[in-house]
Each structure stands twice: as C-alpha cells, then as structure tokens.
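All remarks here apply to the structure that follows.
The values are calculated or read from the model by the stated rules, or taken from the named source; none is laboratory data. Keep in mind that what you see is a predicted model, and the values were worked out from it rather than measured. As a convention, Cβ positions derive from the backbone with ideal geometry for all residues, glycine included, and neighbour counts pool all protein chains shown. Just so you know, the surface numbers come from the protein's heavy atoms only, side chains and all, with ligands and any DNA or RNA stripped out. Shrake-Rupley method; radii C 1.70, N 1.55, O 1.52, S 1.80 Å.
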Amino acid sequence: MVHTMVVMAVLLPGSLFLGGAPERDYPIQPVPFTDVRIQDGFWTPRQETNSTVTVPYCFKKCEETGRITNFAKAGKLMEGPFEGIFFNDSDVYKVIEGAAYTLMLAPDPKLDAYLDDLIAKITAAQEPDGYLYTSRTIDPEHPQPGSGKERWSNLASSHELYNIGHLYEAAVAHYLATGKTSLLDVAKKSADFVDTVFGPNAKHDVPGHQEIEIGLVRLYRVTGEVRYLNLAKFFLDQRGQPSRPKLYGPYQQDHLPVIEQREAVGHSVRAGYMYSGMADVASLTGDEAYLRALDAIWEDVVSKKIYITGGTAAKREGEAFGAAYELPNKEAYNETCAAIANVYWNARMFLLHGDSKYVDVLERTLYNGFLAGVSMSGDRYFYPNPLECDNAFAFNHGTLCRNPWFDCSCCPVNVVRIIPALSGYVYAVRDDSVYVNLFIGGEGKVKAAGTDVTLTQSTQYPWDGAVDIAVAPGKAAEFALLLRVPCWATGSPMASDLYRYVDAASAPVTFAVNGAAVTPEMNKGYAVLRRAWKAGDTVHVEFPMAIRRVLSNDKVTTNAGRVALERGPLVYCIEGVDHGGHALNVALTDDAGLSVEKRGDLLGGVTVLRGKALAKEHTADGKAETTKEIELTAVPYYAWAHRGEGEMEVWLPRDAALATAPALPTIAGTSKVSASHVNGADSLRAVNDQIEPKNSNDQGIPRFTWWDHRGKREWVQYEFKETKKVSRVDVYWFDDTGAGQCRVPQTWRVLYRVGEEWKPVEKASEYGVARDAYNAVTFAGVETNGLRVEVELQPEFSGGVLEWRVGE
C-alpha cells in the first residue's frame, strides 16, 4: 500500500520530512505521482508493459547474470565467486526502485514478497560497519578488477559510492511504497558509515560517477537527518578542488569546482546526475553560486550540445558531450541513461525557475531520446540512440537492433524506474498557482487556495493538439491554472538558436473556458488562467499540430543542407523498410508537400507523415547516378527499428546531391561475411559496406577487428551467393597506432574454398601491409564460392579490416 504520509513525485524532490519540513526548498513543488492517475491512449500501455513485462524481466535477467546471487554470496548465504562487473549492484537497486513505484500504483502481493526476500539478501551482504559492495565483500583479498585494492582506494572508477547512491533511492522508494523500513535501515546504516569516512575532517575525495548526491538528499528528505544533506554538498564542493591529492579531470566533471563550471563536459550521465544533485542541494541550502553554475551549464547544453531528440552524448568515446556544435548523427551515442538524466535535471530546473523552457526540453527528451531506448514489447533496449543508421555500423553494442540485455545494463534498469513515475511530471504547485506541464490523459488531485482540486485531462496527445481539462475544486476558490504552451507550438524547437523552423510562422494556440474563447496572459511560457473556479468548469486548449521542417544552426556542419521533421512533440525519421530497403539515398526537397496519415495498423498505432521525395540510385551500367520520385513515409523516431534491421535517417538531405546511392551489387557487397572472431562493438558488415576509409584509423566509419585477440592467426571470409571466377582482392587494413592496440598484420594470405577445404591461391602478387591505402593482391583466377583472408597478427597486437573488395 502507498504510505499514508505525503509522497512527492519520485525522481523529483519530495517534501516528506519525519524530522520536520526544511527551511528552504524548491519554490515550486511537484504533485505526487501517486496523486495523478494516467488513463491515456499513449502512455497507459507503456506503464502496463513496464509493470507486467519490464520489471519481472529485469529481475529475471539480474538473477540469470548473478547480480542478485552476488548479494547472497556476500552475505554468506551461498558459496561462489563474484559474477559480472563491479558496479552491477546498482542495477539491482534500480529495479527495486522501479518495482516500488509500481507497487505505489497498484498493490501486488507477489512482487511485495519478492522484494522482501531480495532485501534480506542485501541486508546479509552489508558488512557490520555499514559497508556494502559485493565485488569486494565476496572475496576481500581478491576484489574484482576496478574495485581497488582497498576500500575507497579507486574512487575514480570503483563505483562504490555510485552503487549505494542508487541503494538510497531504492530504499526511500520502497519505504514510501510499503511503509517497511527493512531497506531504509540498510541505507541509513550505509550513509552513517560513509559520513564517518568522508567529510571536512576526514577523507577528501569524490565519487568517480555521481549519483550518491541525489540519494543522500532523498535520504535527508525522508529522515530529516541534516548530516546526509551536508555530505551531499561536501561531495559536490570537493570536485575540482586543487587541495585534493588527485583530480579526475573533465571526463568526470572534476576539473573545476562545481560553482566555477560553465560548460557541460565529459561523461553525459555523470554530468546529468551531478547537475540534478546540485539543483537539489541548491534548493535546500539557497546556494546562489550553484544556481549561477547550473544556469550557465544549461544554456551551454541547449545552445550548443543537445540533439533535436533531446539526446546529450555526441561522442562514443567516453559516452560524452562533444565540443560546441559537435553533433554527429551516425556516430551519436546519446545513451538512454543520459536522456533519463536530462529529464531529471530539467524537471529540477523548472522547479527552481518556473520557466516552461525546461519542461520543453524534458518533453522533447521524454518522447524521443528516452522512449526510443525501450521497445514497445518492454524487453528490448537501445543503449545508444543515433540519428542515422547505415545498416552496417553495429551501433548498439554489436547489433543493429534493440538488445535483450547488456553486460553493462544500466539503461534497461533505468527504464524500469522512470515509466511508473511519469505522472509525477504532469502537475506542480506554487502558492495558489497550479502548473499543467504535460498533456496526458488521466486524473490528478492537487491542492490550491486551501481546497482540494481534481483535474481531469482528456486528450489524444501527442497525435492531436486538442486538450480538455475538467476543473473540479472541492469548494469554489480563486486560483491560477498555468498551462504550458510548448515552444514548438509557438514557432521554435527550443529556447536557443541551435535549431529553427524553416517557416517560423505558427497558427495561434487557442483557449476556451466553459466554451467561451479567452486570451490569457502569458508568463514564462505559461498561459495564466486566473479566476474563481467551481466544479463543472472546463478548459479547452488547441495546439496547432503542423508538420514542421527543422534546420540546425549553421555551425552544426553535419546537418548542413539537411532538414528534420517534427509534428507536435515528436521527431520523425525515415526507415529503409518503407523505401525499398534504403533510407540514406532519400532527399526531401523544400517544395515537396507533406501530409498527415493515421495508421492504426502500424507500430502500435501511429501518425505518419507522407509526401513525395527523391531517391538516388545508380544507372543500370553502374557508371552514373540518377534520381527518381518516390513516396515518402516518416515515422516517429521513438518507434524505429521495430520492423527488423535497416537504414534510418532523421536529418534528410534537402538536395539529392547529398544523398548516398545504395552500394552496387558487387561480389563482395552481396557476400555473407564471417570471421574467426569479431569484437562485440564492431561489425562484420564493415568489411563489405563499400564505405571508403579516409585512413587506416578512420573512427568515423564502421570497422571490423579481431580485438581483443592478439598475436594469433585469425581469418575473415566471404561466402558468395554463387560460384564466381575471381583473381584479385583489395584490402584496407585498420590500424589505430597512437590510439589503440590494432596494427596491420605481420603477414597474410588469400585462400579459396574447394568443397569443404580452404586452399591458398596460386601465383599471388606481393601481400602488402601498407597503412592508409588498399593493398591489392592479384592471383591465378579461381572458380569458387568463397574467399578467406588469413592473417598472422603482430605479437602483442590485434588487427582489423575497414574494407575488402573482390575482383574478377
């Protein structure tokens, strides 16, 4: 059952203080998600799927991968070694948190009992002094690599503090959901111990991955124990301090004191969690220096470093923010966890400032950058979320589709905890003002002007811009209803010049109260409807749902000459499955008309965009390129990759000259590729994708490597569709000298298949190992249905191939 005390919106601040309310807090308070019931055609199915599929599925995967038995082993309830990665404890905590939110929405005795059993294992794993970290406790003499030889000795990467930060969030959620203190007692014991290890008169260090700051504030809010708030602020204030023995640098936002930081740098999830923790601490302490830093960093992100989908990690290297205007599409990382962190941060920025621009970013991220990360079935996930897929670069940790799980599965378990808490972002209150932030069908109960008010939304949003709100106060009362007017409805994608609409003009947003048109005052992006409300009053809002063409700031060079499509809060993309198997060859000219079509039979029921486009292709002789007119179908970005692997593109060329004609059907291009070994982050398709390398260390294209096999004999081979006579190969080696451990091979040779045997080709020319060039080998012609390149890797090094062509 839901705890009877005040339950504030989860993942947002709460105001439940057993020790008394704080002197300061966020000036705006979210309405508890338990006071808002979603009954919505778009979101209700996703909440039901999360409850019935995702929560049990993630628990099952945690069981299968040893994440849960690690606690039993640490607690001496069973024998065995640690399994997995040293930060896997956090995954279990996040699923517990999401499960607790699920219990708040609907009682489930079976899930409640499961959590009791799991919490007993966690309790047993906690050491007598409060330390809890299974990767060390199971075998203290031989902790997992990365854990550090001793407690707290490798905080840059050990995740000791990150793990227990998620424990604290889970413990608070479980307590509020059930009233039980079993996990809360574990969390308090842990926090009390950490408070003896770190502090002004103790150890001066910081977590390498921020999160404990959020957890400590949540513990403070539920217990009233000021030490927890002070410790959260201590960890934040220690970042970037030159007095510390060692700083971890910009990757971990440890290059400057937090109050001096003005740009978003480094790992984007770490950053988003840190900014959220800073906002929490600032709200409770009134630290103006924190606010100045947060405001500057937010402007930096929204003006220079955020994707049109709300994603915030441009670089695969380090899962990090890029430089200003560095927003590649195919290589974009945009981790699902980073989208979730962006939602948390922007929700808090709204509570601090009351400006709709923060909820605009939250909504954009929620419907696009986040929602793409989980399949509609609830059991398949994207870790990265690129804005282009060439059907060759296996961007999703080795695949081109959503995966059922990952070795590092922070994203799936993060999904579990945000979907059931979604209703906590819908409404907020300040004095006698009620904010309506998201347009989602259902019922919310708020308090305004000293009376209880029920707000009932009816809408087909995001497919339709009509929103009806029934206002039912317990007694007649005067208060203000503030309706967010999304920036997309008034002519701007977001509050910066990073993106703009081709046509800035927009049809007006219209409002009516009890059927009579009104023209409300606007304040910080909100339409203010102040009146004496009584039961039976209604509000009708009509947001224009025009199809909008979006352009990037000219400094975003990757999008030069390209356009994206939006309608309402949704970003659209095109997929190869709707365009003859290809998407990257499609161009949308400025004069091409577009229309809206509802497709109840497609992708769970979506509204698609239809129109005419140009498709580039090769002439029959392969010597030239031409274009033809085709029917264009654009689908919501969140729904892509539900119909098999294939090409996808968000930013479409405005001229066919920028489109890429599909590769010609060469021998290599139509062959099946296999290898003795392939690195999980690489792609076999890279070998024959016909993408020309710029050099042997071209990090901007798909690659194939044998990493982390070193100094061995390895092979990669083609299986032809039919027997061919061949006499030449051209191989472009991957070599990342100066950056990694791959080198051109020591020696290599070509073999051809005869029946079930592989034989070396005869009369071969020199086998070259040059970097930054194709290495051509000619040989006596053979008729075969397969070729193999066999290499001897250099001692201590691996190797790979960027492209391998075959000639007759």
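Given a 1.4 angstrom probe, what's the average accessible area per residue across segment 376-430, in square angstrom?
Values: 1100 Å² over 55 residues.
Heavy-atom SASA per residue in segment 376-430 reads 20 Å².
With no solvent and one point on each alpha carbon, what is the Debye value of log10 I(q)/I(0) for segment 466-581 at q = 0.16 Å⁻¹?
Each listed q maps to, in turn, -0.83.
Restricting the count to DSSP beta bridges whose residues both fall in the chain, what percent are antiparallel, rounded to a multiple of 5?
DSSP beta bridges in the chain are roughly 95 percent antiparallel.
For segment 573-681, just say rounded, prolate or oblate: build the C-alpha gyration tensor, square-root its eigenvalues into a ≥ b ≥ c, call rounded for a/c under 1.5, and beyond that prolate if a/b exceeds b/c, oblate if not. Don't skip to the answer; put the middle values down first.
Details: a/c = 2.42, a/b = 1.22, b/c = 1.98.
Note, shape of segment 573-681 comes out oblate.
Using a ≥ b ≥ c from the Cα gyration tensor of segment 325-468 (square roots of the eigenvalues), is it rounded, prolate or oblate, where a/c under 1.5 gives rounded and otherwise the larger of a/b and b/c decides, a/b for prolate? Please report the intermediate quantities before stating the final value.
Values: a/c = 2.37, a/b = 2.12, b/c = 1.12.
Prolate.
How do W463, W748 rank by accessible surface area computed with a 1.4 Å probe, from largest to smallest? Show your work: numbers first, answer last.
Working: W463 40, W748 15 Å².
So, going from the largest accessible area down, we get W463, W748.
So which trypsin sites (Lys or Arg not before Pro) in segment 197-266 pass both tests, a DSSP loop state and at most 11 other Cβ atoms within 10 Å of the Cβ? Could you put the intermediate results ahead of the total?
Details: sites: K203, R218, R221, R227, K233, R239, K246, R262; in loops: R239, K246, R262.
Sparse-neighbourhood loop trypsin sites (Lys or Arg not before Pro): K246.
Write down the accessible area per residue of segment 505-602 in Å², having rolled a 1.4 Å probe over the full set of protein chains.
Numbers: 4360 Å² over 98 residues.
I get 45 Å² per residue for this part.
Calculated from DSSP H runs of 4 or more alone, at -39500 (n - 2.57) each and per residue, what is the 222 nm mean residue ellipticity of the chain, nearest 500?
Details: 15 runs with 187 residues, N = 808.
That calculation yields -7500 deg cm²/dmol at 222 nm.
When only C-alpha pairs under 8 Å and at least 6 residues apart count, what is the relative contact order of segment 501-640, in percent? Walk me through the numbers before you get to the answer.
Working: 218 pairs, mean separation 24.6, N = 140.
Dividing the mean separation by the residue count of segment 501-640 yields 18 percent.
If the reach is capped at under 24 angstrom between alpha carbons, list the lysines near K357, excluding any in the same chain fewer than eight residues apart.
Leaving aside lysines fewer than 8 places away in the same chain, those within reach of K357 are K304, K305, K524, K555.
Which residues in segment 228-250 have a backbone N closer than 16 Å to a point placed 7 Å from the Cα of R292 along the Cα-to-Cβ line?
Once the point is set 7 Å along Cα→Cβ of R292, nothing inside segment 228-250 turns out to lie under 16 Å by backbone N.
So what does H255 come to for accessible area, using a 1.4 Å probe and Å² rounded to 10?
Rounded to the nearest 10, that gives 60 Å².
Taking the solvent-accessible surface of protein heavy atoms with a 1.4 Å probe, what is the per residue accessible area of segment 127-249 in Å²? Kindly include the intermediate steps, with their values, before the conclusion.
Details: 4150 Å² over 123 residues.
I get 34 Å² per residue for this part.
What shape does segment 649-744 have by the C-alpha gyration tensor, where a ≥ b ≥ c are the square roots of the eigenvalues, rounded means a/c under 1.5, and otherwise prolate means a/b greater than b/c and oblate the rest?
Numbers: a/c = 2.09, a/b = 1.19, b/c = 1.76.
Verdict is oblate for segment 649-744.
Taking +1 at the Cβ of each Lys and Arg and -1 at the Cβ of each Asp and Glu, which of A394, W748, T451 sits farthest along the dipole of the chain towards its positive end, judged by Cα position relative to the Cα centre?
Farthest towards the positive end: T451.
Do you know the relative contact order of the chain, to the nearest whole percent, from alpha carbon pairs under 8 angstrom that are 6+ apart?
10 percent
With a 1.4 Å probe and all protein chains left in place, how much of the accessible area of segment 612-736 comes from carbon and sulfur atoms, in whole percent?
Numbers: 2550 of 5610 Å².
That fraction is 45 percent.
Dipole of the chain (Lys/Arg Cβ +1, Asp/Glu Cβ -1, origin at the Cα centre): which of I38, T49, M349 lies farthest to the positive side?
Highest projection toward the positive end goes to I38.
So how much slack lies between E48 and S377, counting 0.36 nm per residue of separation and subtracting their Cα-Cα distance, in nm?
Numbers: separation 329, 0.36 × 329 = 118.44 nm, distance 1.06 nm.
That works out to 117.4 nm of additional length.
Report the local net charge at I214: Lys and Arg +1, Asp and Glu -1, summed over other residues whose C-beta lies under 15 Å from its C-beta. Before the final figure, lay out each step's value.
Working: positive: K94, R218, R221, K233, R239, R270, R348, R417; negative: E97, E169, E211, E213, D280.
That works out to +3.
R530 versus T399, label points 7 Å from Cα toward the beta carbon: distance in nm?
In this crude spin-label approximation the distance works out to 5.5 nm.
At a 1.4 Å probe radius, carbon and sulfur cover how many percent of the accessible area of segment 404-535? Please list the in-between numbers first.
Working: 2430 of 4780 Å².
Roughly 51 percent, rounded to a whole number.
Using the Cα atoms of the chain, I'd like the radius of gyration and the largest Cα-Cα distance, Dmax, both in angstrom.
Cα-based Rg and Dmax for the chain come out at 28.1, 96 Å.
What does the accessible area of T34 come to, in Å² to the nearest 10, when a probe of 1.4 Å is used?
Number for this one is 20 Å².
Over 22 Å between Cα atoms, which of K725/K759; K61/K672; K330/K724; K330/K598; K94/K447 qualify?
Working: K725/K759 15 Å; K61/K672 32 Å; K330/K724 34 Å; K330/K598 29 Å; K94/K447 31 Å.
Over 22 Å Cα-Cα: K61/K672; K330/K724; K330/K598; K94/K447.
Hey, any idea what % of segment 133-266's accessible area is carbon plus sulfur with a 1.4 Å probe? All intermediate terms of the calculation are to be shown ahead of the outcome.
Details: 2430 of 4660 Å².
C and S atoms contribute 52 percent here.
Compute the length gained on full extension between K712 and E79: take 0.36 nm times their separation in residues and subtract their Cα-Cα distance, giving the result in nm to one decimal. Spell out each step's value before the answer.
Working: separation 633, 0.36 × 633 = 227.88 nm, distance 3.66 nm.
Between K712 and E79, full extension yields an extra 224.2 nm.
Out of segment 271-374, which GluC sites (Glu not before Pro) are coil in DSSP terms and have no more than 12 other C-beta atoms within 10 Å? Could the numbers behind the result be given before it?
Values: sites: E288, E299, E317, E319, E326, E331, E335, E363; in loops: E317, E319, E326, E331, E335.
Listed in order of number, the matching sites are E317.
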